[in-house]
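The values are calculated or read from the model by the stated rules, or taken from the named source; none is laboratory data. Predicted model only: the values in this text are computed from it and were never measured. Every residue, glycine as well, gets a Cβ built from its backbone with ideal geometry; the counts of neighbours run over all protein chains shown. Areas reflect the complete protein model, heavy atoms only, side chains present, ligands, DNA and RNA absent. Shrake-Rupley method; radii C 1.70, N 1.55, O 1.52, S 1.80 Å.
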Amino acid sequence: MLRAAGVGLGDEVVVPAFGNVEVAEAVTRAGALPAFADVDPVTYCLDPDAVHAATTPRTAAVVAVHRFGRPADVGRLYELGQRHGLLVLEQGESEAPYGEVAQRRERAAYLDARLRGVRTPDGGDGHTYQQYVVRVPGNGRPDRDAFARALRSRGVDCRVPVKTPLHRLPEFRRFVSLPQTELAADETLALPVDASLTKRDMQRIVSACNALGGLLQPAF
């Protein structure tokens, strides 16, 4: 789509640095340069204000990536694109059947109501909970990683959604300030929320998290 729109050598394309290496790779394959903008700390999608700040005369396009089941603010991004003459593309997530999404939402609501010591996600409109991503407060990555190891030792299958932001990877290294991206990479942890989980599974997740979360001092 970038090539078809004439985006190529000498152009910049604004993309998130919070995961989605395939998006940045697609930009480079088109001959353009990825320009990283910060994310919104609630949705983990591109922050339109940060996109505006990252826009230069060489900017040709923006790729809005929907994250964890939360949609990006495409309305504001399309307005920004019209104002600056930019192509705005979206990268969506795989769609699940309505029944599966409803079950995920039910399990997310269960976790929202019971988890302590971690910051639960802001559901927002239309959240499908492709991933249930919490924030582990404390000392950033050391506490989050220790928390994740302890959960796994208790039989909870959790994972770090983004281990290293793209602007810190050797092939995409940029000296840019992306504080929300880096904080999210240090604090976020995805907990199980898929439709196959039983009530006992959910109780085990809550019990394990709350036993550990009480040892950490919330940083918010």
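Of all the residues that make up region 142-159, how many are surrounded by fewer than 16 Cβ atoms within 10 Å (Cβ to Cβ), closer than 29 Å to residue 72 by Cα and touching a helix residue (DSSP H, G or I) at 6+ places or on another chain (Cβ under 8 Å)?
The qualifying residues number 1.
Answer yes or no: is there a residue in region 86-106 that is within 30 Å of residue 2 (Cα to Cα), in contact with a Pro (Cβ under 8 Å, 6 or more places away or on another chain) and touching a residue at least 60 places away in the same chain (Cβ under 8 Å).
Within region 86-106, none of the residues are within 30 Å of residue 2 (Cα to Cα), in contact with a Pro (Cβ under 8 Å, 6 or more places away or on another chain) and touching a residue at least 60 places away in the same chain (Cβ under 8 Å).
Please give the number of the condition residue 110 fails out of (1) in a strand (DSSP E or B); (2) surrounded by fewer than 18 Cβ atoms within 10 Å (Cβ to Cβ).
In the conditions (1) in a strand (DSSP E or B); (2) surrounded by fewer than 18 Cβ atoms within 10 Å (Cβ to Cβ), residue 110 misses (1) alone.
Against the conditions (1) open to solvent by 50 Å² or more (accessible area, probe 1.4 Å); (2) in contact (Cβ under 8 Å) with a residue 40 or more places away in the chain; (3) closer than 30 Å to residue 54 by Cα, where does residue 165 fall short? Just the number, please.
The one condition residue 165 does not meet is (1).
Quick check on residue 43: is it open to solvent by 10 Å² or more (accessible area, probe 1.4 Å) and within 14 Å of the chain's Cα centre (by Cα)?
yes
For residue 68, all conditions in the list (1) touching a residue at least 60 places away in the same chain (Cβ under 8 Å); (2) open to solvent by 20 Å² or more (accessible area, probe 1.4 Å); (3) under 19 Å from the mean Cα position of the chain (by Cα) hold save one; what is the number of the exception?
(2)
May I ask you to verify whether residue 34 is at pLDDT 95 or above, open to solvent by less than 10 Å² (accessible area, probe 1.4 Å) and either over 27 Å from residue 133 (Cα atoms) or not basic (Lys, Arg) (or both)?
For residue 34, the condition - at pLDDT 95 or above, open to solvent by less than 10 Å² (accessible area, probe 1.4 Å) and either over 27 Å from residue 133 (Cα atoms) or not basic (Lys, Arg) (or both) - is met.
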